[in-house]
Amino acid sequence: MNVAQKLISSHLAEGEMKAGNEIAVSIDQTLTQDATGTMAYLEFEAMGIPHVRTKVSVSYVDHNTLQSGFENADDHRFLQTIASKYGVFFSRPGNGICHQVHLERFARPGQTLLGSDSHTPNAGALGMLAIGAGGLNVALAMAGEPFWLVMPKVVKMNLKGSLKKGVSAKDIILDVLRQLSVKGGVGKIIEYTGEALKDLTVPERATITNMGAELGATSSVFPSDDQTRAFLKAQGREDDWVELVPDTDAVYDEEREVNLDTLAPLVAAPSSPDNIRTVQDVKGIPVKQVCIGSCVNSSYADLMVSAKILKGKKVHPDVSLTISPGSRQTLQMVSGNGALADLVSAGARILESTCGPCIGMGQSPPTGAVTLRTFNRNFPGRSGTPNDQSYLCSPVTASVSAITGAITDPAEVLNGPIVIPLPDRYIIDDAMIIPPSKEPEKVMVERGPNIKPFPVKSPLEESLTSRVIIKVGDNITTDDIMPAGAKILPLRSNIPAISEYVFSKIDSEFISRAKESDGGIVVGGNNYGQGSSREHAALAPMYLGIKVVFAKSFARIHKDNLINFGIIPLMLTPEIYNFLQEGRVVEFPSLAEEVKNADTITFIDKTSGKTFSSEHRLTQRQREIILAGGLLNYVKNKS
C-alpha cells in the first residue's frame, strides 16, 4: 500500500477502500480555530456528551484576535471555558496559528486529524491523514463518531532533482497548482514521493501540504522518514515518531512529477491560486505592499530566509512590509538569535502571531496597488480591498521584491541558494497552551450576548416550490458566499446577524430577495464553494431559507456542509444552467420521495411547464441526513 492507504486502512471504521465508495475513518485528533470553533463547540454541547472522546483535541484562537468590540473577547472567554469543561486543550491568543502550532506540538505520524479549517492538511507534512471539514463534522469527531468521506483516489506526485537558486517549497506547490488547477484535486489525496524528499524539511513539506487545499484535494501527505524524526526530536517529541513509508510495490491511481532541477520562481497572479506565472513573466511590476506570513509560510525557516535577505538592507520607500510569525515559538527563536532585529532594522512591521492579513483582518492594500503575499489564497477582495491585485509567492521572492519595490526574480539577485539549517532544539514553552480542567464539573462556561443558539432545520418537505434568487458563475468561493474580515467575522457565533452578509460582496440585493421569497434556490457553476471550510457559508443560507443549490460541480467541504445543514446539492448540465435564470419559479413535486428512493430529482419550471431532472449523487447516509433536515437531527434520531 501507499502511505495514504496505510493511514486509511489503520483507521477504517466502515466501508470498503475502493475509490468512489463512501467510507468512515476513526479520528485521533481534532483542531478548531476561533472563526469556526464557537459553532463547533455549541454543536458539541448540544449533543449532551460530558467529555471529548478523541486522543487529543485543541481549540486555537488565531483568526479574530482584533478586539475592537466586545464580541471577540467574549468569544475567547467562551472558547477557553468550554474547552476546559469538555477536555480540550486551549491555545491562547498570541500563541500562534493553529496549523503551525499543531505541527510543532501535537501532530503525530500515523494518526488522523480532523480540523474545522481547510488548511488542516498542513499536518500531512508529518505523515498524518489530516483533513479539513465543517465544524459540525469536527464536533461529531469530538463525540467519538467517525468521519465519513468518499474514498479518494491517491495521486503520486514524484519530486525529482533539487531546488535551485531562488526556488523554494512554495514554488513546488505553485507548480502542482499549475498542473492540476483549483479543482484538479477534488476527490484525491496527493502523496509526495521521490528522491527530493531527503532534502525537504518538515516546514518545507508543510508549505506544500498546506496549500494542497487550493487544489480542492481531500488531503496531502508525505511519508514519515528521517526528516520527520529530526523535526520531532528538535521539538522534544522524538517518542512520537514512527516510520511510515509506501511499500516498494505501492500502487497509485495517478502519477505526476515536479522536476526541481528545472523549476523557476513562480507566482499566482490575481485572482486565483492557480493563475500561475513565472516571476520572469511579471518581473518589474511595481509593488506597494509585501506581506510575509500565514499558515503556509510563517515558520522559523521562512522568517530566517527573509531576515537573511533583508539583513543590512532597507525596504523600498514605496513598500509597506509586514511579518506575521506563525507561532510564539517562531517569534521567540528569531528574537533570540537577532533575526527579528534584522527585520525591524530593514523596515519591516512585526504583526501578531496570527492569520491577520491572510483573512483580511488588517493590512488591506491601497486601492489599485499590487500586494505581494506569501499566503495561500488571493481570491478577489479577500485582502479587504475591492478589486485588489494580490500575487502569491515564496518568502524568497517576497523579500527581494520588498527591497527593490517591484516584483523581482530572486534567481537574478541572489548569489546562491539560501541555506537555513534547522535548529537541533527549538524553544519549548507551552505556557500558552492551557490543559483542560481536572474538575470539569466546577467549570462555568462563559457566554457573551453575541452568542446565539444554534439554528436547526426541520425535516425535508414532501414537495417544494421555490424561486431562483441568485445565479453565479464558476469557482465561487466560501468568501464570496459568506465574507470574512474585521467587520463580519466577530458575528460568527450569531447566525441571525451574520446571515445579513450572505453574498453581500456579489449582490447587495440578495438578502432582501431571500427575505421576500422566504428563502429560495441558488444556481452556481463549476467548483461551487471552493476555499475555506467555514460552515457559515452553508449555515447562514440555511437560516435564510435556502433549500436547494444547483451547481455544475461542488467543492468537497462545502458540499458536505450543505448536506450537514439540510440543503440539497443538485448537479447541473450546461443546458439546465443556461435555462435557470434568476427569478424562475420551479416546483419539486416529489422531493422527499425522490431523495429517498431515486437518483435524480424532478423539477418543473412553473412558467413554461418544462420538466427537468438533476442528479443529487447522495450516498444512502447522505439521503437520510437530508431527509432528517441535517446532520444534527440525523444523529439525534439515531440515538
message: So residue 93 ticks every box in (1) over 26 Å from residue 201 (Cβ atoms); (2) part of a helix (DSSP H, G or I) but one. Which box is left unticked?
response: (2)
message: Step by step: first the residues of the stretch 612-639, then only those that are more than 27 Å from the chain's Cα centre (by Cα) and not in a helix (DSSP H, G or I), then the one that is surrounded by the most Cβ atoms within 10 Å (Cβ to Cβ). Which residue is that?
response: 614
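Please note which strands (runs of 3 or more DSSP E) are completely contained in the stretch 182-272 and include at least 1 residues that are more than 17 Å from residue 130 (Cα to Cα) and out of contact with any Lys or Arg (no Cβ under 7 Å at 6 or more places or on another chain).
It comes to 254-259, 266-268.
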task: Answer yes or no as to whether residue 357 is out of contact with any Pro (no Cβ under 6 Å at 6 or more places or on another chain), touching a residue at least 12 places away in the same chain (Cβ under 8 Å) and either farther than 18 Å from residue 384 by Cβ or not assigned by TED's automatic domain parsing to the domain that holds residue 403 (or both).
output: no
message: So, in the stretch 15-64, exactly how many residues are crowded, with 20+ Cβ neighbours inside 10 Å, of a type in the set (S, T, N, Q) and not in a helix (DSSP H, G or I)?
response: 8
message: Can you pull out every residue in the stretch 504-525 that is touching an Asp or Glu at 6+ places or on another chain (Cβ under 7 Å), assigned to a loop (DSSP other than H, G, I, E, B) and either at pLDDT 95 or above or among the hydrophobic types (A, V, I, L, M, F, W, C) (or both)?
response: 506, 525
query: What is the number of the single condition among (1) surrounded by fewer than 18 Cβ atoms within 10 Å (Cβ to Cβ); (2) part of a loop (DSSP other than H, G, I, E, B); (3) among the hydrophobic types (A, V, I, L, M, F, W, C) that residue 497 does not meet?
result: (2)
message: Condition first: within 24 Å of the chain's Cα centre (by Cα) and outside any helix (DSSP H, G or I). Now tell me which residues in the stretch 77-90 satisfy that.
response: 88, 89, 90
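Considering only residues that are among the hydrophobic types (A, V, I, L, M, F, W, C) and surrounded by fewer than 24 Cβ atoms within 10 Å (Cβ to Cβ), which ones fall in the stretch 510-545? Give the steps one after another, and end with the answer.
First, pick out the residues of the stretch 510-545 that are among the hydrophobic types (A, V, I, L, M, F, W, C): 510-511, 514, 521-523, 537-540, 542, 544.
Scanning the stretch 510-545 gives 510, 511, 514, 544.
Suppose we filter the stretch 363-384 for residues that are assigned to a loop (DSSP other than H, G, I, E, B) and at negative phi; how many remain?
Residues of the stretch 363-384 that are assigned to a loop (DSSP other than H, G, I, E, B), as a first pass: 363-369, 374-384.
Pick out the ones that are also at negative phi and you get 364-367, 369, 374-380, 382-383.
Selection size over the stretch 363-384: 14.
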message: Looking for something hydroxyl-bearing (Ser, Thr, Tyr), farther than 30 Å from residue 184 by Cα and in contact with a Lys or Arg (Cβ under 7 Å, 6 or more places away or on another chain) - is there at least one such residue anywhere in the stretch 326-346?
response: no
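The values are calculated or read from the model by the stated rules, or taken from the named source; none is laboratory data. Small disclaimer: the values here were computed from a predicted structure and weren't measured. Cβ sites come from the backbone with ideal geometry, for glycine too, and all protein chains shown count toward neighbours.
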